[in-house]
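The values are calculated or read from the model by the stated rules, or taken from the named source; none is laboratory data. Predicted model, so just to flag it, every value in this text is computed and none were measured. Neighbour counts run over all protein chains shown; Cβ positions are idealised from the backbone, glycine included. Accessible surface is based on the protein model in full, side chains and every heavy atom, while ligands, DNA and RNA are left aside. Shrake-Rupley method; radii C 1.70, N 1.55, O 1.52, S 1.80 Å.
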Amino acid sequence: MKKLTYSIVTFLLAFFIVSGCTKKNDVISNPKIATSNNALKNSGDTTVKTPPADTSQLVALTGDKITLAPGYHQNVAGDSVAISFNAVTTNRYCSNGLLKFHNTLDANNNFFIDFLNVQEPLVCHGTGDIPMVAAVNFQKSYQVNGSHPLKVTLNGTTYTGNIIVSATSITFDWNYSTGIVISPKTLTR
């Protein structure tokens, strides 16, 4: 009799567990309940905030002239140099602005610089309008003696020349007096 009672209790318990898992109103089997539960979980106390208004503007470099002041760093062995530039605009922009550009040095040691624009605040809280200055550095830029092509783009015009590295100097073969200017054109090593 005791065994029969245990068997019936076990059977009833198993029945309730199995039937509880297969209810038709179960969240898994009823998409309406699943959707409402997810909606509750997602709504919570989260407040949707609109993003703040953009506080900066991109100013075109139209009519500008950029002077590239070259520099270099010699490696420890003295057999190669890293070339860099300080770019200075002629036009004036908000002192809180940034001169935006892309620069690369490809696997064949071709130098590329693309001047894009100036990013400045909508309301200038700086010291007034000044020329923009930016350091243009190239990663993995140590160059051995030889001629290395340089292409610089400003306002859709591409200016081309060469950087000539020798044991005693670095010369910039650059024949432009407008758009992109390089000064000085020779550095002594």
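This table checks each residue for (1) of a type outside the set (Phe, Trp, Tyr); (2) in contact with a helix residue (DSSP H, G or I) (Cβ under 9 Å, 6 or more places away or on another chain); (3) free of Cβ contacts under 8 Å to residues at least 40 places away in the same chain.
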residue	(1), (2), (3)
PHE101	no, no, yes
PHE115	no, no, no
ILE164	yes, no, yes
PHE172	no, no, no
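Number of residues in region 65-95 that are open to solvent by 50 Å² or more (accessible area, probe 1.4 Å) and either in a loop (DSSP other than H, G, I, E, B) or among the small types (Gly, Ala, Ser) (or both): the value is 4. Of the residues making up region 96-115, those that are surrounded by fewer than 16 Cβ atoms within 10 Å (Cβ to Cβ) and either in contact with a Phe, Trp or Tyr (Cβ under 9 Å, 6 or more places away or on another chain) or not hydrophobic (A, V, I, L, M, F, W, C) (or both) are ASN96, HIS102, THR104, ASP106, ASN108, ASN110, ASP114. The strands (runs of 3 or more DSSP E) located wholly in region 131-189 that include 2 or more residues which are at pLDDT 95 or above and over 18 Å from THR89 (Cβ atoms) occupy 146-154, 157-165, 169-173, 186-188. Against the conditions (1) on the phi > 0 side of the Ramachandran plot; (2) within 26 Å of the chain's Cα centre (by Cα), GLY146 satisfies every one except (2).
For (1) of a type in the set (A, V, I, L, M, F, W, C); (2) open to solvent by less than 30 Å² (accessible area, probe 1.4 Å), each residue gets a yes or a no:
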residue: ALA135; (1), (2): yes, no
residue: LYS140; (1), (2): no, no
residue: GLN143; (1), (2): no, yes
residue: GLY146; (1), (2): no, yes
residue: PHE172; (1), (2): yes, yes
residue: ASN175; (1), (2): no, no
residue: VAL181; (1), (2): yes, yes
